[in-house]
Structures are given as structure tokens and as C-alpha cells.
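The values are calculated or read from the model by the stated rules, or taken from the named source; none is laboratory data. Keep in mind the model is a prediction, meaning the values are calculated, not measured. As a convention, Cβ positions derive from the backbone with ideal geometry for all residues, glycine included, and neighbour counts pool all protein chains shown.
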Amino acid sequence: MNNTFSIQRFGLLLKRQWLEFGKIYLITLAVALGVIITFYSFATWNTIFEQRLFSERLLNFREPLFLIFGFLFITVIASSYFAHLGQKSKAIIDLMIPASTFEKFLTGVLFTAVLSTVSFLVIFYLTDLAFVSKLRSIFHNVDTATSFRDSYGKVVETRDNLAFFFTRNYPKEFTSVFLLTPVFVTSIFLLGSIYFNKFHYIKTAISVMIFSGIWTYIIVKTGQTMFDNKIPINTGNGENISKGLIELGMFSLLLLLTAIFWVITYVRLKEKQV
Amino acid sequence: MIKINNLNFGYRKNQLLFKNMSMQLSTGHIYGLLGKNGAGKSTLLKNIAGLVYADSGSMDVMGYDPSKRQPALLAEICFIPEEFYLPSVKIDAFVKANAGFYPNFDHPYFTALLAEFDIPVAQKLIDMSYGQKKKVIIAFGLATQAKLVIMDEPTNGLDIPSKAQFRKIMASALTDDRCIIISTHQVRDLDNLIDTVIMLDENKVALKASVEEITNKLCFKRVKEIDDKVIYAEPSLAGYNAVLQNFHDEDSKLDLELLFNAVLAEKNKLKPIFN
Amino acid sequence: MEFRDNKAIYLQIAEYVCEHILLGKWKGDEKVPSVREMAVELEVNPNTVMRTYELLQTKNIINNKRGIGFFVDDDAIANVKSYRKAQFMDDELPVVFRNMYLLNIGFDELQDRYNTFVKENFNS
């Protein structure tokens, strides 16, 4: 028997964890869906049902809703995943399940980093699709996305001001960084869920604030001591560093941090005693 | 089956619960683990199951180190904790989710055990009483066919008929390749069920002996008055219930409670007898 | 089965088996319950029952047919009686003698009592 990873055991564990975790997960997902639909309904009610004029500002709520609520959703899921290990009675049953620590950890990563992000994107996409399609069917005149050359030969794009959320906001640059961000965020909260025995969410949030505060302070301070009263010589060379390189740097940093948080989580799970 | 060698364990440093504890347990026995509150019964069981890690010393369970929590070993351990939590699902959903981890899980046996325990199969686990839930996890644990069965206070919360059912089930669960360890302070529930007594006191194993060995060496009987042959005695209606050294090959019935108190009170007199 | 307080469990189980044989419930060459069945019925450790069966084997009350199980010996009744007799002589008689001595009871007095008892209980 392979004592580190077996695909058959991993499958069993996913099924079992779904039985344990699925209920909380689905409830949270339902709440998220409810909130998103509520926001869309409030914003578009008058326009759809009372034939008021459409204004582009109408849909401006989408970006903050997506960011704030998306963050809340994935962090709540992540910080509840290992939370029950803080309770003796639940932890014993869980630790005695004949699956390896690695499999148990991997299940956690799959549920938090992958499943929660994907499912949030899906419900947001579907809600957006439904409401915006309705609006587009009412206001045909805004449904135009054309490009033409003006008299100087330059390409001009007319903006579609009733675009779907993901059409408008798809990150054209730094795509990899955007994709990694939710994984990074969940890795922090997953660690918090096993690190603390109670009040996982709030404790993790506070820790993150304190840490990022300290880091910002250190970086600002070192920057000041290193660069204060010094003159930059090769001004204007910033453009030399390509965007691709910056993206690679940011991606690597996020990946490194994510990996570190995951390793600590794995070790905590391995060392967990009840 | 289990080899414990110079185990040192403490929840806090400088405050050891076990000091250089060594012990071997083998298959084909039901061990009764006794000790005062706080003597470390549950902790020893958790050490064996790999739920807590020793500070030093070695622990070998069926050739594995339990602290590594390898699936191959976990599939051979049935651990019934004193406090436990079961999800709010029905029994068949619970079995579907968990039985797959145990290659030898015996479904007909599980059904038979539930019937023996009078468990309403259609009810959700969360709506069951503590005793019913306990019976479900005992039935599940035994049906996994695990070689090592560890039970922490299994009769707590069981009603009187359930205790009798439990004794019957445990009597039939003991096979030659199985090792069963039961911790308890309700000795009356189990005294005919265990064949070897392990008593913990003062950071170590105060006594580990089979019932046969104990009754060969000691004699439990009522005496009218206490003389110097009596190791330990408690007053009763007709004189005293006494523990004596068994010089004349007398056959007596082991009185676990009396033995327990004797070990706590007269360590020095008993030690040479059992070594 | 209710166990008494003062006698080793394995001996009480031996008595239980002997009783069944004397009362004719288990006859010569019949199979006796397996160790496991007996342990379950009496709610005791199977090793204890095994100890009983080993004892009864040495007394030729039951015998072990390899691979099949334990059977009542053909001479079981006679052997039970001699086993019981030995037990009576060794364990119970000394107590009676002690009381006879302490209370000055003569053998003649006892003889009369014994005859009446047999007449009342067994010769009716």
C-alpha cells in the first residue's frame, strides 16, 4: 500500500469531505448567490421593469461587489475548512481516517483554492449573464462594439457600455498574477483555520493586518534609509524593464508565498495532536 | 503487536505523565486499562493510536510508527474515543463515505451488529442519543475488521441492556489475530471480559498481569479478622474483603476493585510478588 | 448466568458445563458449544472459556476433535462425578469437618440425618 498518495483513497477522501464540508459549503454558496442577485436586482429593477433610461453608471457596482464579496466568500470557505480540528471530538475522528496527511492536505487545497474560486466565478458569471442579457435585449442601441479607422488611419474602438462583466474586466495584463491571487489569499486563510483553535477568521484577518503593517513599515523604512538624499542617476529607464518581467516577478513572489503557507499548513496538519 | 519502549510523554515540559514506560501487548487478548482520573489512560491510548506524540522513546504498532499516521496502519486501528462527533447524515450515508477506507469492511456484520444493538437504521446520526451514537461507532469500528481495537470508556452512556449486548459483542470480537484494549473505571461492567489487567499509576505501569497470573499469586476472599498475611483489606458486612498472597493454590475470583485499591495503597508489598 | 463472588470464573463455567452433562442436556459424543459461543452466551472472555475447556479436557469430561470442536466424552458422567467428588473432598468436606469438630457433632447423628435427607429428596 502506498502510504503517501493513492488516487483511489484520494477519491474516497474527496467524497467523504464533501459529506462533512459540503453542507457548509453549499449554504455559503447560496448566501453568496443571494447577495449577488440582490445587488443586481436593486440596481437594474427600475430600468428593466419601468423602462427608465439606461445609464452606464448603472452597472458600476459590479467591480466592488466582485472584489469585496469574492474575497469574503473564498476566505470564509478557506478559514472554515480545518476549523473543526480545533474541537477534540471532531479532530480524533478526522485524524484516524485511513488516508495520508498529504491526501488530507491536498483535499483541503482542492476545496479551498480551486473549488471555492471556481464556484464563485461561475455564480457571478451566470448572474451577470442573466441580468446583462436582459438589459441588452431591452436596449439594442448600446449593443454595439465596432472598430473603424478614422481619417488619420488610427483604429478607433467604440466601447460597448453594456458589456458583460467578464468581457469588460478580463485582465489583459498580468493575467497569471490575477489568477494566482485567489489561490494565495485562500492559502493564508487555510493556514489560519488550522493554526488557531477558535475564531479562525477574525484571528487570521488580524494577523494578516499586523504582518502586512509590519512589512510595509520595514520596506518604507529601509527604502528611506537607502534612498533618502540620494539622486537617481539613470532616470527614465523604468521602461527598460519589460512588463513580462514584472509579471514574472510578481507571479513568482505570490507563488513562493503561497507555497510557504501551504507547507506550513501541511506541517501543522502533520503535527496536529489532540 | 504493540511494543512500547522507554516512552516519555507530557502535555507540558517538566511535567511528565509517563516516565520511561515500557510494555508489550500481543494479539488474542482483551486488555483492561485501569487507573485513577488523570493517570493517563486516555493519553496512553492516544499515544498508541498516534493522536499524540511521545517526547522520547519508541512506539511500535504492527511494525509501524503510529505518529507517522500511515494509512496502512490507520486502516488496522479501530479507535472509539470517549467523546466523538458524528455528522448529521443517515447511517448508510455515513457507511458509504467511510467504509471504503477499510479494505476488509464487513457490511453484513455491521448490519448484524446494528440489529443486535437495536439501532433505528433510518434515523439521522445527529438525532440519536449519545448511547445510540456510541453503539453506531462501536459497530462501525468492529465491522472494519481492524486488528487493533482501542476503546476509551466504551460503556459510558450505555444503558443496562446495552452493556450486556456490548459484553456479548466484545466476547465474539476477540479473535487470535486481534488485540483489544479497553480503558474503564466502570470495572463492574467489564470484569469478566478482560483477561489482562494494566494499571497505570505515578507515571508508569503499576501492574500488568493476566487474570490467571493474578489469581495464581493472590487470593481474594472474605476474612473475619486481619492478620499479617493480609496485604490489603476493606471492611464489609461479614468481616473484611481481603487480598492475600496465594500460598495454598486457592482458586478465587479476581475482585478488580479490590485489586485496584490494593495496588494504589500497597505498592511496595505487591511489587515483589509480581516480579 | 449469574456468577458468584467467591469462586474463579473459569471454575464456575466448568460447573455450568458439568451441570448440563449431569442433567442430560448435553449427552455423550455430542458437540458442546464452541469457545466463542460459550463466551458470548456468558459474556466472558473467550480465553477464560478456553481455560475451562482445557481443565475439562484433562478431567476427560470433554474432548477436542481437531478441527471440529469439543465433544462430550463417552464417560463424561462418570468423570464429572469423580471430578465433583474430588472437589467435594478437597474443598467442602474440610469446612464440614471443622464445624463438626467445633460443634461436637458425632458421626451417628450425621448418619441419621443423611439417611432422612436421601429418603426425602431422592427416594420418593
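Figures for the structure shown
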item: Which listed residue, of B:A115, B:A139, is free of Cβ contacts under 8 Å to residues at least 24 places away in the same chain, in a helix (DSSP H, G or I) and more than 14 Å from chain C (Cβ to nearest Cβ); result: B:A115
item: Options B:M23, B:M62; residue that is touching an Asp or Glu at 6+ places or on another chain (Cβ under 7 Å) and assigned by TED's automatic domain parsing to the domain that holds B:E153; result: B:M62
item: Selection count, segment B:193-215, where residues are within 10 Å of another protein chain (Cβ to nearest Cβ) and out of contact with any helix residue (DSSP H, G or I) (no Cβ under 8 Å at 6 or more places or on another chain); result: 2
item: When residues of segment B:178-212 are limited to those that are small (G, A, S) and within 25 Å of B:G10 (Cα to Cα), the one surrounded by the fewest Cβ atoms within 10 Å (Cβ to Cβ); result: B:A206
item: Those residues of segment A:36-67 which are among the charged types (D, E, K, R), surrounded by fewer than 17 Cβ atoms within 10 Å (Cβ to Cβ) and part of a helix (DSSP H, G or I), in sequence order; result: A:E56, A:R57, A:E63
item: Which listed residue is surrounded by 10 or more Cβ atoms within 10 Å (Cβ to Cβ), outside the structural domain of C:I21 (by TED's automatic domain parsing), part of a helix (DSSP H, G or I) and hydrophobic (A, V, I, L, M, F, W, C), from C:L102, C:L93; result: C:L93
item: Selection within segment A:69-87 - at the interface with chain B (Cβ under 10 Å from one of its Cβ atoms) and buried (at least 19 other Cβ atoms within 10 Å of the Cβ); result: none
item: Test: residue in segment C:25-32 that is part of a strand (DSSP E or B) and outside the structural domain of C:L110 (by TED's automatic domain parsing); result: yes
item: Helices (runs of 4 or more DSSP H) wholly inside segment A:84-138 that include at least 1 residues being within 21 Å of A:T44 (Cα to Cα) and not hydrophobic (A, V, I, L, M, F, W, C); result: A:117-138
item: Subset of segment B:164-182 [at the interface with chain C (Cβ under 10 Å from one of its Cβ atoms) and among the charged types (D, E, K, R)]; result: B:R167, B:K168, B:D176
item: Test for A:S79: is it farther than 20 Å from A:L269 by Cα, in a helix (DSSP H, G or I) and polar (S, T, N, Q); result: no
item: Those residues of segment B:97-111 which are more than 8 Å from every other protein chain (Cβ to nearest Cβ) and of a type outside the set (A, V, I, L, M, F, W, C), in sequence order; result: B:P103, B:N104, B:D106, B:H107, B:P108, B:Y109, B:T111
item: Unique residue being at negative phi, hydrophobic (A, V, I, L, M, F, W, C), free of Cβ contacts under 8 Å to residues at least 12 places away in the same chain and out of contact with any helix residue (DSSP H, G or I) (no Cβ under 7 Å at 6 or more places or on another chain) when the list is C:A8, C:A78; result: C:A78
item: Extreme residue, surrounded by the fewest Cβ atoms within 10 Å (Cβ to Cβ), among residues of segment B:72-118 that are farther than 19 Å from A:L85 by Cα, charged (D, E, K, R) and touching a strand residue (DSSP E or B) at 6+ places or on another chain (Cβ under 7 Å); result: B:K90
item: Among residues of segment B:48-96, those that are touching a residue at least 40 places away in the same chain (Cβ under 8 Å), in a loop (DSSP other than H, G, I, E, B), under 23 Å from B:R178 (Cβ atoms) and at the interface with chain A (Cβ under 8 Å from one of its Cβ atoms), counted; result: 3
item: Some residue of segment A:88-108 being closer than 30 Å to B:E83 by Cβ, buried (at least 19 other Cβ atoms within 10 Å of the Cβ), at pLDDT 90 or above and away from chain B (no Cβ under 14 Å); result: yes
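Residue by residue, here is whether (1) modelled with pLDDT of 85 or more; (2) small (G, A, S); (3) surrounded by fewer than 18 Cβ atoms within 10 Å (Cβ to Cβ) holds:
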| position | (1), (2), (3) |
| --- | --- |
| A:F124 | yes, no, no |
| A:D128 | yes, no, no |
| A:R136 | no, no, yes |
| A:V142 | no, no, yes |
| A:D150 | no, no, yes |
| A:V156 | no, no, yes |
| A:L162 | no, no, no |
